[in-house]
1. Which residue pairs have Cβ atoms under 6 Å apart, sit 6 or more places apart or on different chains, and have a first residue in the stretch 161-178 that is at positive phi and a second that is within 11 Å of ligand 1 (Cβ to nearest atom) and assigned to a loop (DSSP other than H, G, I, E, B)?
2. Please determine whether any residue of the stretch 141-152 is at pLDDT 95 or above and within 13 Å of ligand 1 (Cβ to nearest atom).
3. Please go through the stretch 107-154 and pick out each residue that is within 18 Å of ALA189 (Cβ to Cβ), buried (at least 16 other Cβ atoms within 10 Å of the Cβ) and without any contact (Cβ under 8 Å) to a residue 60 or more places away in the chain.
4. Please work out if PHE305 is at pLDDT 95 or above, within 15 Å of ligand 1 (Cβ to nearest atom), among the aromatic types (Phe, Trp, Tyr) and part of a strand (DSSP E or B).
5. Where in the stretch 193-278 are the helices (runs of 4 or more DSSP H), entirely inside, with at least 1 residues that are free of Cβ contacts under 8 Å to residues at least 12 places away in the same chain, more than 23 Å from the chain's Cα centre (by Cα) and within 16 Å of ligand 2 (Cβ to nearest atom)?
6. So, of the residues in the stretch 160-183 that are closer than 17 Å to VAL223 by Cβ and under 19 Å from the mean Cα position of the chain (by Cα), which turns out to be farthest from ligand 1 (Cβ to nearest atom)?
7. Answer with yes or no whether SER21 is crowded, with 19+ Cβ neighbours inside 10 Å and either within 16 Å of ligand 2 (Cβ to nearest atom) or closer than 22 Å to GLN201 by Cβ (or both).
8. Looking for something at pLDDT 95 or above and touching a Gly at 6+ places or on another chain (Cβ under 8 Å) - is there at least one such residue anywhere in the stretch 57-78?
Amino acid sequence: MNSTPKIYLETYGCQMNVADSEVVLSVMNQAGFQRTDDMSQADVVLVNTCAVRDHAEERIYGRLGAFHAHKKAHPGVVIGVLGCMAERLRKNLMESESFVDLVVGPDEYRRLPQLVDNAFSGEKGIAVRLSRVENYDDIVPLRTDGISAWVSVMRGCDKFCTFCVVPFTRGRERSRSLAGVVREVELLAQQGFKEVSLLGQNVNSYRDGDHDFADLLAAVAQVDQEMRVRFMTSHPQDMSDKLIAIIAGQSNVCKYVHLPVQSGSDRILQLMNRTYSSDHYLKLLERIKRDIPGVSLSTDIIAGFPTETEEDHRMTLDLIRTAECDGAFTFKYSPRENTKAWHMGDDVPEEIKTRRLNEVIEIQRAISYKRNQEMIGQNVQVLVEDVSRKSAADLCGRTDTNKMVVFPRNGSSVGSYIQVAIQRANSATLFGSEISSN
Ligand code: SAH
Ligand code: SF4
Ligand code: F3S
């Protein structure tokens, strides 16, 4: 073992997992562990996992194969599986993957140092209790310096959409204190972060005493006018006018709302327990577009939910056309054990799911293309995030509407705000050139 034990951590899944991994690194750092990006140097190898779709788990099984090989070569190394898949599979995971030493769910990360210690002396550990109160409010996540920081403001989900495993892997909904979140954002501003994203599975349900999510968003926006504030995810059921007004009224709250609809068929929405109709969703979008000029919107769509007919599918395509969101995250339905939808069967054949998904993607791509073409000739403010992946001569960054912009490097540095004139666009990216920096 290294004199200062080293920990290697890979993260899969949503931004909540990315944020949780920073909590894990903080807890382990306090206990004397040092982070390494080189697995071959590590005494502890951890993977923070996702269980939302079968495909997500398949990927992790692939990585577990690599960890197994690593353990064979370095028998003293402790291997731990964290996160949603750990919570879902519990001791079954330990039984099927015998080289795994630790299985630790999302609410048990404070116990990691002890569990790792035990594992060094040969004792395997499972910690998968879900908590009604744990929100890691007092733990300062160990972040890598950068432009953008994730801040979880609540944990868990009480919505129980019938397809979704999250309420089972993350437990009941609970919020952090408004004061705790604001304090963390103040610290991030001092450290030079330029953007925070407030995270929760359903941020509209945020509550701290009398304060709701709109109050939290307003308070965070007050911390530093130079700091962009993003948030996700909103549920269409309880998106309030008050929240819409805060987004519209605070200049540093980004004019971008991710609002998953899942389906355009009311029958399917009901089977999904989404608690709104397609009409309610479209009216809500109308209100958002009216009250937040220039707003950009994205959604999530599931293709091939149990019993979905061609007619239901056509309604989804119609909704996508009417909604005219800037983007969509699209998924094939994946049955998850223990969810209500699991018992509805999985009766849409794979090739039909694939075809429907492709139709959804095609229609959305054309809309995204059209929306981005409308940006040509406009000047937009961009927060410079990085060197472009495709060319070292270009930089990239996003508009506050969350659109990626690529432009020639012109002396501007990462972390600055610049004005870019948009000259061309495809369905995913805007291209332009810098007009002035400030
Ligand atoms: N809390 C968020 C996101 C949860 S997971 C929300 O309510 O929108 C992100 C997306 O994954 C969901 O919006 C849904 O579109 C998709 N998803 C969740 N479970 C799924 C499943 N079993 N099969 C396919 N897609 C799923
Ligand atoms: Fe899953 Fe629905 Fe909760 Fe989102 S709101 S995490 S889809 S149960
Ligand atoms: Fe996956 Fe868990 Fe997030 S299931 S999507 S990592 S909450």
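1. Correct list of pairs: GLY171/GLY156.
2. yes
3. If the condition is that a residue be within 18 Å of ALA189 (Cβ to Cβ), buried (at least 16 other Cβ atoms within 10 Å of the Cβ) and without any contact (Cβ under 8 Å) to a residue 60 or more places away in the chain, then ALA149 is the only one that fits.
4. no
5. 266-271
6. The extreme case among them is VAL181.
7. Judged against the criteria, SER21 is a match.
8. No - not one qualifying residue is present in the stretch 57-78.
The values are calculated or read from the model by the stated rules, or taken from the named source; none is laboratory data. As the structure is a prediction and not an experimental result, all values here were calculated from the model. We place every Cβ from the backbone using ideal geometry, glycine too, and count neighbours over all the protein chains shown.
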